[in-house]
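The values are calculated or read from the model by the stated rules, or taken from the named source; none is laboratory data. Everything numeric here is computed off the predicted structure, so don't read it as measured data. All Cβ positions, even for glycine, are placed from backbone atoms using ideal geometry, and neighbour counts span all protein chains on display.
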Amino acid sequence: MVQGGGTPPGHGERKMKFNPLHHLRLLGMLFKEFKLLVRRKKTPILVLSLPLILLIVYSAGSNAITNPQAVITVGVCSEDPQTSEILNMMEGNFKLTKLEGDDCIAQLMTGVKAGDYIIGFVIPSDFTTKLNQGDQSMITYYVDDSNPLTASMSGFFLEQGFNTYSRGVVSSSEQELRSIARDTRTKLNSTILVLNTTYSVLESNKGLLGLTYPIISEYLSDSINELIGYDDDLRFVEGISVDFLTKPVYFAKGTTYENVNSASFNFASIFCIVSIFSLLLLTSTSIIFDKKTNYLLRIKATGTFIPTYTVSKIIFYLILSLAQFFLIMLLMLPQGAVFNFSFGALMAAFAMITITNTSIGLLIGSLSESENVAILFSLTLSLPFLFLSGAFFPLEFMPGYVKFFARVIPLHSEISLLKQASVLGWNLEMINPLITELGLISLILLGINYAIIKFKS
Amino acid sequence: MLDKLFKKKPKNYSIKVTGLNVSYGKKKVLNNIHFTINKKDVFGIIGLSGSGKSTLLKSLMGFINYKGLIDKTQDSIGYCPQEEAFFNELSLKENILLYGNMNSTSPNIALSRAQKLMNELMIKESLDKLAGELSGGQQKRLNIILSILHDPNTIILDEPFAGLDYMNRLLLWNFIKHLKRKGKTIVLTTHLLNEAQKNCNNLLIISKGKKFALGSISDLKRSLKFKQYMSIKFNYLSKENKDKIKTYCRRRNYWVLSTNERTISFGIPDVNARRKLLSMIKRLDVKYSVTEFRPPTLNELFMVSVK
């Protein structure tokens, strides 16, 4: 019996037995997949560009972890006049700015918070004196704790920068110790010789002791003095601490922001990343759904203003995101997150972040012709955004072009905005610059989206 | 006196199109189209696939950019797209409320209108049923209902009969007649020439983006250069003779509507032309018989339009 699909093309009249596993079935299906892939130009472009973009960002990020790819700006307050050697030694790896004045530490903190200096450190007045005495000296450093990853990497790079100096200190101490030991042994030997000679003289001139006493007394007195000198040297050796030998310079991290920890700042990164991922995917595919169900056509047919449609989407995703926002906030509390906010500023920041992400998603949806393309498009944007957010790689140590892109993408501004509003307690007026920036981005994206829906969809 | 001077004369048309041109990139899809749709008309737009019918409707709705003038005197227009435009996962009631809202119709009015329309279009299903659970014909009718919830004066239907069986088409034509009786203007596109001929007051035939003919059936027939349709059956017709007949017709502007092995159909202006054509065929010394001689149908007009 011959059934449909059993006769392969090109075999003329010859009838073949029905074979559900015939290789032509598979070939036909594969042929269709590849043909459609080629016809839908956006799919192969996105499939290829996603790994390419990720590779560039990932390699720049992973290199930055082991070796800074950018100049590290450092602010220094030195209360010790004898530290020029240290600072000169650091010049090669860091761009140093020496701060002076009574309010030096305050200037340093402000500079760190403003991002003028990635690291700020304070050299105390007794820094070199302590080192000279064989005591461990301490340097206090300040980093922008609102960026936990960069902050921890900064401490590491600062210690690395001091390695040469510390090794020099340890090396010179080692030489000093050796020289003390050598001198002490030489002096001890000569003292032993003197004492032996004195003893021999005493033995051979037992009867004449009265006459020789002044000479013997002088010898003994000199020897006692020399022994006291050895004791001083040995006391120095005794006084050297293990800490000094292993780590002559100790780095203490100063507090840049009071009463907050990294979990507080991580909340901002986590929410913004979750928001961009979910909103890009949800919004873009919802536009495709609306196109497929002819909802957009109905909107136009009923004379509904297209911005009304956009606003309805934004309100819907604001409500959805609000649930996510409070859930993440709640989950961060057991991690020790401390929040400090004015309610108005927090809500304004949340709304602006959601509106921006929804606008990006709407535009992706308008530009995509299918769910597949919309999902790929969303991932091609959100994955590099994720790597450039600063939550996975320290942005400050990345090459200039990566830093530029990181600054341009909205996610960076979104995270900064939420940190300001949720942890630093900034009010509406203070967060206004970032609100305006994101507002402008959203307006542009919504404008383009409007034009596409009106004239193309 | 002043009242009379400033009082605008009411327009008796629903839509007036003047010099309509639409291009997709470099391709001209509609070329200098003019027509007027009178109030309370059932206006049919006919053309082959790709002739520009849907583009014309999209222009009327303002969905696409066009050059020319489209004057719509009635604000309230209901547009029903060819594909189903509702949500399968929503119930009938939810869809009705959604599209009622989108047309600024209050929920109660939208629901009562929908119930009435559902009765007229024989959808006897619960409002709580999901739209996706309706049959294909019911979905097509629901699509129309959702487009006219706001009780528009002009209703534009894009291929409303596509994919419908005879019973469903009959139901829909009756509904369109009912709407016309209620004073509505209906604009529709269709491929069903015979049904359009029967039910439309005015027809616009477009071919390759251009207006081919416009008017009532009788107007169309009058406006055409051929007023009579003649079909001749030959016992045998050589290729040479066939070519001679075609050349003769071309010289005299007679239409050769169709040819096959033994039959040729002609579109000719009058009885005199019939006499001349038959005497020419006689000279060819071939045996033949006239099988049909009558006024042309819409199908024949349409065939001419697409040639």
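Each row is one residue, and each column tells you yes or no for (1) touching a residue at least 60 places away in the same chain (Cβ under 8 Å); (2) more than 14 Å from the chain's Cα centre (by Cα).
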| position | (1), (2) |
| --- | --- |
| A:VAL373 | yes, yes |
| A:LEU388 | yes, no |
| A:PHE393 | yes, no |
| A:LYS403 | yes, no |
| A:ALA406 | no, no |
| A:SER413 | no, yes |
| A:LEU417 | yes, yes |
| A:GLY425 | yes, yes |
Scan (1) in contact with a Gly (Cβ under 8 Å, 6 or more places away or on another chain); (2) within 22 Å of A:ALA391 (Cβ to Cβ) for the single condition A:GLY239 breaks and write down its number.
(2)
Only one of A:SER217, A:SER179 is under 60 Å from the mean Cα position of the chain (by Cα) and exposed (fewer than 13 other Cβ atoms within 10 Å of the Cβ), namely A:SER179
Tell me, yes or no, whether the stretch A:419-441 has at least one residue that is closer than 30 Å to A:THR293 by Cα, more than 14 Å from chain B (Cβ to nearest Cβ) and part of a helix (DSSP H, G or I).
yes
Is it fair to say B:LEU214 is within 30 Å of B:PHE43 (Cβ to Cβ) and in contact with a Gly (Cβ under 6 Å, 6 or more places away or on another chain)?
no
Condition test on B:LEU157, is it within 12 Å of chain A (Cβ to nearest Cβ) and within 15 Å of the chain's Cα centre (by Cα)?
yes
Anything in the stretch B:83-122 that is surrounded by fewer than 19 Cβ atoms within 10 Å (Cβ to Cβ), more than 9 Å from every other protein chain (Cβ to nearest Cβ) and polar (S, T, N, Q)? List them, or say none.
B:SER91, B:ASN101, B:SER106, B:ASN108, B:SER112, B:GLN115, B:ASN119
Verdict on A:THR304 being free of Cβ contacts under 8 Å to residues at least 12 places away in the same chain, more than 30 Å from A:ALA106 (Cβ to Cβ), within 14 Å of chain B (Cβ to nearest Cβ) and outside any helix (DSSP H, G or I)
yes
Determine if the stretch A:270-286 includes at least one residue that is touching a residue at least 12 places away in the same chain (Cβ under 8 Å) and within 14 Å of chain B (Cβ to nearest Cβ).
yes
Can you say whether B:LEU2 is modelled with pLDDT under 90 and among the aliphatic types (A, V, I, L, M), as far as the supplied structure shows?
yes
Could you check how many residues of the stretch B:123-143 are crowded, with 20+ Cβ neighbours inside 10 Å and away from every other protein chain (no Cβ under 12 Å)?
5
Within 23 Å of the chain's Cα centre (by Cα) and modelled with pLDDT under 95: does that describe A:PHE236?
no
In the stretch B:65-75, is there at least one residue being facing chain A (nearest Cβ under 9 Å) and either among the small types (Gly, Ala, Ser) or under 20 Å from A:PHE455 (Cα atoms) (or both)?
yes
Kindly check whether there is at least one residue in the stretch A:201-212 that is small (Gly, Ala, Ser) and within 14 Å of chain B (Cβ to nearest Cβ).
no
Scan A:GLY10, A:GLY6 and give me the residue that is surrounded by 10 or more Cβ atoms within 10 Å (Cβ to Cβ) and either more than 30 Å from A:ALA374 (Cα to Cα) or at pLDDT 55 or above (or both).
A:GLY6
Selection from the stretch A:25-46 of residues that are under 17 Å from A:VAL373 (Cα atoms) and part of a helix (DSSP H, G or I)
A:GLU33, A:PHE34, A:LYS35, A:LEU36, A:LEU37, A:VAL38, A:ARG39, A:LYS42, A:THR43, A:PRO44, A:ILE45, A:LEU46
